[in-house]
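One structure is given here, and the rest of the page talks about it.
The values are calculated or read from the model by the stated rules, or taken from the named source; none is laboratory data. Keep in mind that what you see is a predicted model, and the values were worked out from it rather than measured. We place every Cβ from the backbone using ideal geometry, glycine too, and count neighbours over all the protein chains shown. For accessibility, only protein heavy atoms count, side chains too; no ligands or nucleic acids. Shrake-Rupley method; radii C 1.70, N 1.55, O 1.52, S 1.80 Å.
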Amino acid sequence: MKKLANKVAVVTGGNSGIGLATAILFAEQGAKVAITGRNQQSLDTATIEIGNDSIGIRSDVSIIANIGSAYQTAAEKFGKIDILVVNAGIYIPGPLADYSEEQFDKTSDINFKGVFFSIQRALPYLNDGASVIVTSSSLGTMGIAGVSAYSATKAAVISLAKSFSSELADRAIRVNILSPGPVETPIMTRDGATPEQFEQAKNYLSAKTVAGRLGTSEEIAEGFLYLASDDSKYMIGGELLLDGGMRIK
Ligand SMILES: NC(=O)c1ccc[n+]([C@@H]2O[C@H](COP(=O)([O-])OP(=O)(O)OC[C@H]3O[C@@H](n4cnc5c(N)ncnc54)[C@H](OP(=O)(O)O)[C@@H]3O)[C@@H](O)[C@H]2O)c1
């Protein structure tokens, strides 16, 4: 029996990396899947990979006024939403002394404000009993130099999941967090890192884990499947940490 048969799922940032692997796994498990992102080309190629009649909706989570129409499109095609993965995010590292207001605002607008309003604007389109999952990061409760603004946004969403779970209890909507450790995805090269810089970052991050390697998007997708399905029905406002032991090292 497929774990997500007859379910409708929306994955924000579903056209790349962790979100794409999750959308593929959800479709394999029977869900009808809508993905969002800003890049039309990768939305188109991703929906082919995902299959099962999936749709790609161009939507920027930092343009709050437009978020609702993405859910409306998904609900018109598939019906109301049972699973919402709030995963879209960006990574702009930089030391405290040099971090610009523009970098801060961009990080905050997408990774924090974008998450708050991605959940708020979904409310009319969510079924009672829906599972909402937000992608945080193992960095959300660590104190590593050079990633403070990013880490703080990931801490903020852990707080949101707890508050929202209480607030949405009357509709039995549970909101949980999945915190990945370092995972090899395009996020690491989006700021134009050279192959050498990427290798350096990969070795540095691998050494920060007990596992001694980066995770894969497919390993993280298995965690989203657990949180999306009824297997996790007693988990509410909680955090699933899949970080190769980064937090304990
Ligand atoms: N990879 C890691 O090591 C790691 C570790 C911990 C947590 N995470 C988190 O995991 C999530 C997914 O990241 P990833 O590693 O899979 O990176 P990725 O491959 O770069 O994926 C990021 C996704 O977010 C979308 N996105 C970014 N800004 C957006 C916006 N304003 N509106 C809508 N969509 C937007 C991107 O699509 P478009 O470019 O088309 O908009 C893309 O689909 C992020 O929240 C990230 O912080 C990643």
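Computed values, structure above
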| item | result |
| --- | --- |
| Failed condition for residue 195, given (1) in contact (Cβ under 8 Å) with a residue 12 or more places away in the chain; (2) more than 12 Å from the ligand (Cβ to nearest atom); (3) over 18 Å from the mean Cα position of the chain (by Cα) | (1) |
| Odd one out for residue 70 among (1) more than 8 Å from the ligand (Cβ to nearest atom); (2) surrounded by 22 or more Cβ atoms within 10 Å (Cβ to Cβ); (3) touching a residue at least 40 places away in the same chain (Cβ under 8 Å); (4) closer than 22 Å to residue 220 by Cα | (4) |
| Matching residues in segment 190-214 - criterion: being part of a helix (DSSP H, G or I), open to solvent by 70 Å² or more (accessible area, probe 1.4 Å) and closer than 13 Å to residue 249 by Cβ | 204 |
| The lone exception for residue 224 - which of (1) within 12 Å of the ligand (Cβ to nearest atom); (2) surrounded by fewer than 20 Cβ atoms within 10 Å (Cβ to Cβ) it fails | (2) |
| Meets criteria (part of a loop (DSSP other than H, G, I, E, B), in the same structural domain as residue 21 (by TED's automatic domain parsing) and more than 16 Å from the ligand (Cβ to nearest atom)) for residue 95 | yes |
| Top-ranked residue in segment 33-54 [being touching a Leu at 6+ places or on another chain (Cβ under 9 Å) and open to solvent by 20 Å² or more (accessible area, probe 1.4 Å); ranked as farthest from the ligand (Cβ to nearest atom)] | 49 |
| Within segment 98-189, helices (runs of 4 or more DSSP H) holding 3 or more residues that are open to solvent by 20 Å² or more (accessible area, probe 1.4 Å) and within 14 Å of the ligand (Cβ to nearest atom) | 101-108, 148-167 |
| Given (1) outside the structural domain of residue 83 (by TED's automatic domain parsing); (2) within 20 Å of the chain's Cα centre (by Cα); (3) not β-branched (Val, Ile, Thr), number of the condition residue 201 does not satisfy | (2) |
